[in-house]
Structures are given as structure tokens and as C-alpha cells.
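**Q** Please read through the structure below; I'll follow up with questions.
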Amino acid sequence: MRALSAATVFAVALATATAHAAEVQRASAALRLAPTIERIARLHAQAGQGVMGERSRRALAEAIRDFSATLRAALASAQGAEVRDNYMLLAMQWQDYRDWAQRPPTRETARKLRDRTEEVSWVATKGVRLTTDGSRNALSGSALRASQVALFSQRVAKAHLWRRWDIRDEGLERELRDARENVPRVLDSLAATPELPPDILALVESAQTQWRFLSDAAKQLDASPGNARALEHACKAADFMLEAMEKVMQEAR
């Protein structure tokens, strides 16, 4: 009887751990999609403008593959009709978006990506809301905030690259203002999280340092949109921030 009870306890524990791992996988995939689509838009413009040219082209191809794989994971693990429908819509949008993102990066193809980026990012962000509604135990507030920082940091660099191509509208300017206001606010909130593990705090502090570099570069670009050195600094800082926040997403769960 004792052996049977032990086996039963083990089976229940294993099933619980498996279910938790599945929830974490769903949440992790959802969190990465919107920042990645913003990164693709940034790298597309970055490659087209010759900012770290060859490196940018390689990174763009990698980001496209990454988004495809992450979307497949999100779709495969989707729970509930509304979540599945959302990711099916995202998959359909992605086919068109990927086609434009893989074309030679020019001002005109970037214009085609402008509205598409907003649409795909919106559906990806909706997927986060739908997934987190059912995965609150798997997804900590720290991971969610890290995803927001990753998203906003990509938008800041992307917007300045698009500005350099004279892609400007009130929607883009509003998006840029919101991103620049939200990054330091969300990072401060992350850093103030009670009992934050030292390794995660170190990643947050690293992102805060990179934000200062990105913010300084953005101010220079406000004054001189064609400042190639400031653009490179902004793009590098955005990359470092994304890398740090993805590590936080992985650890903070």
C-alpha cells in the first residue's frame, strides 16, 4: 500500500510538473513574438541603410527563422479556441509579412512593412493577453515586464531608422513617444521587484545601462536623423537590451 501511495504521489507530481512546463512553454512563446516582429522591422531598415550591413543581414535572416519557429510553438501549444484562432490569424499575416521582410531592404519595402508591422505586432501582443489569462501561475510579472522592455527597445531603434527614410506619421511618432516613456518606467519597476534574484537583477541593471546609451543616441537622432554613429549605437543598445530581457523571460518563471 505504501509503495502504491508513493507511486501515486510521484505520478501526480510528474503530471503537475508536465502541465506546468507546458504552460511555461506557451507563455514563453507568446512573450517573444511581438518583440521579434519589431526586431525584424528594425533589422530590415538597418540592413537597407548599411548600419552594420553584413551583420544586420545575417541577423535579419536569423530573426525571421526565429519568429517562424516561435510561432509554430505558440500555435502547437495553444489552448482554447480563441487562442488558437488568434495564432492562426497571426500565421496568415506572417506569410505576407515574411515575404516583404525577405525582399531587398529599401525605403519602399519598408513602407510596405510599416502598416504590416503594426498589425502583426498587435495580434502577437493580443496573444500574450490571451495566454497569460490562463497561465498566471506559469508567467511571472517580471517575465511580462521584460517582454515589454524588449518590445519598446526595438521600437525606439526601428522608429529612428524609419525616420531616416522619411517614413513618418502621427502613429509612428506616438509609438516612439510611448516607447521612450515606458522603457525606463518598466525597467525601474523590474528593478524594484521584491526578492528579485541577483542574476536577474544584474540583467535588469545591464538593460538600464544600455537604455541610457539608447536614449542618448535617440536624442542625438532627434537633432540629426542622419547621424550614422548614433544609429549604430542605438541599434547595438537595442540588441543588448533584447538579449538581456530574453534571459529575464527565461529565468523569471
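**Q** Scan region 139-166 for residues that are surrounded by fewer than 17 Cβ atoms within 10 Å (Cβ to Cβ) and either farther than 15 Å from residue 224 by Cα or touching a Cys at 6+ places or on another chain (Cβ under 6 Å) (or both) and report the count.
**A** Looking only at that region, the number is 1.
**Q** Could you tell me which numbered condition residue 162 fails, if it satisfies all but one of (1) out of contact with any Phe, Trp or Tyr (no Cβ under 9 Å at 6 or more places or on another chain); (2) outside any helix (DSSP H, G or I)?
**A** (2)
**Q** Follow-up. Quick one: residue 211 ticks every box in (1) in contact (Cβ under 8 Å) with a residue 40 or more places away in the chain; (2) within 17 Å of residue 161 (Cβ to Cβ); (3) aromatic (Phe, Trp, Tyr) bar one, so which box is it?
**A** (2)
**Q** Quick check: is even one residue across region 95-102 at pLDDT 90 or above, under 15 Å from the mean Cα position of the chain (by Cα) and not small (Gly, Ala, Ser)?
**A** no
**Q** Go through the residues of region 209-223 one by one and say whether even a single one is under 28 Å from residue 54 (Cβ atoms), part of a helix (DSSP H, G or I), of a type in the set (Ser, Thr, Tyr) and under 21 Å from the mean Cα position of the chain (by Cα).
**A** Yes, region 209-223 has at least one match.
**Q** Let me ask another. Residues of region 139-172 being free of Cβ contacts under 8 Å to residues at least 40 places away in the same chain and touching a helix residue (DSSP H, G or I) at 6+ places or on another chain (Cβ under 6 Å), which ones?
**A** 148, 152, 159
**Q** All but one of (1) buried (at least 17 other Cβ atoms within 10 Å of the Cβ); (2) touching a Ser or Thr at 6+ places or on another chain (Cβ under 9 Å) hold for residue 217; which doesn't?
**A** Among (1) buried (at least 17 other Cβ atoms within 10 Å of the Cβ); (2) touching a Ser or Thr at 6+ places or on another chain (Cβ under 9 Å), the lone unmet condition for residue 217 is (2).
**Q** Could we say that residue 59 is touching a Ser or Thr at 6+ places or on another chain (Cβ under 7 Å), within 23 Å of residue 234 (Cβ to Cβ) and assigned to a helix (DSSP H, G or I) here?
**A** It is false that residue 59 is touching a Ser or Thr at 6+ places or on another chain (Cβ under 7 Å), within 23 Å of residue 234 (Cβ to Cβ) and assigned to a helix (DSSP H, G or I).
**Q** Right, something else. Condition test on residue 72, is it assigned to a helix (DSSP H, G or I), modelled with pLDDT of 95 or more and surrounded by fewer than 15 Cβ atoms within 10 Å (Cβ to Cβ)?
**A** yes
**Q** Take the conditions more than 28 Å from residue 113 (Cβ to Cβ), of a type outside the set (Val, Ile, Thr) and either surrounded by fewer than 22 Cβ atoms within 10 Å (Cβ to Cβ) or modelled with pLDDT of 95 or more (or both) and apply them to residue 53. Does it pass?
**A** So residue 53 does not fit the description; no.
**Q** Test each condition in (1) under 17 Å from residue 43 (Cα atoms); (2) in contact (Cβ under 8 Å) with a residue 12 or more places away in the chain for residue 126 and report the one that comes out false.
**A** (1)
**Q** Mind checking which residues of region 183-206 are out of contact with any Leu (no Cβ under 7 Å at 6 or more places or on another chain) and buried (at least 18 other Cβ atoms within 10 Å of the Cβ)?
**A** Once the filter is applied, which keeps residues that are out of contact with any Leu (no Cβ under 7 Å at 6 or more places or on another chain) and buried (at least 18 other Cβ atoms within 10 Å of the Cβ), region 183-206 yields 183, 186, 187, 190, 200, 203.
The values are calculated or read from the model by the stated rules, or taken from the named source; none is laboratory data. Nothing here was measured: the structure is a model prediction, and the numbers come from that model. Because the Cβ atoms are built from the backbone with ideal geometry, glycine has one as well, and the counts that use them run over all protein chains shown.
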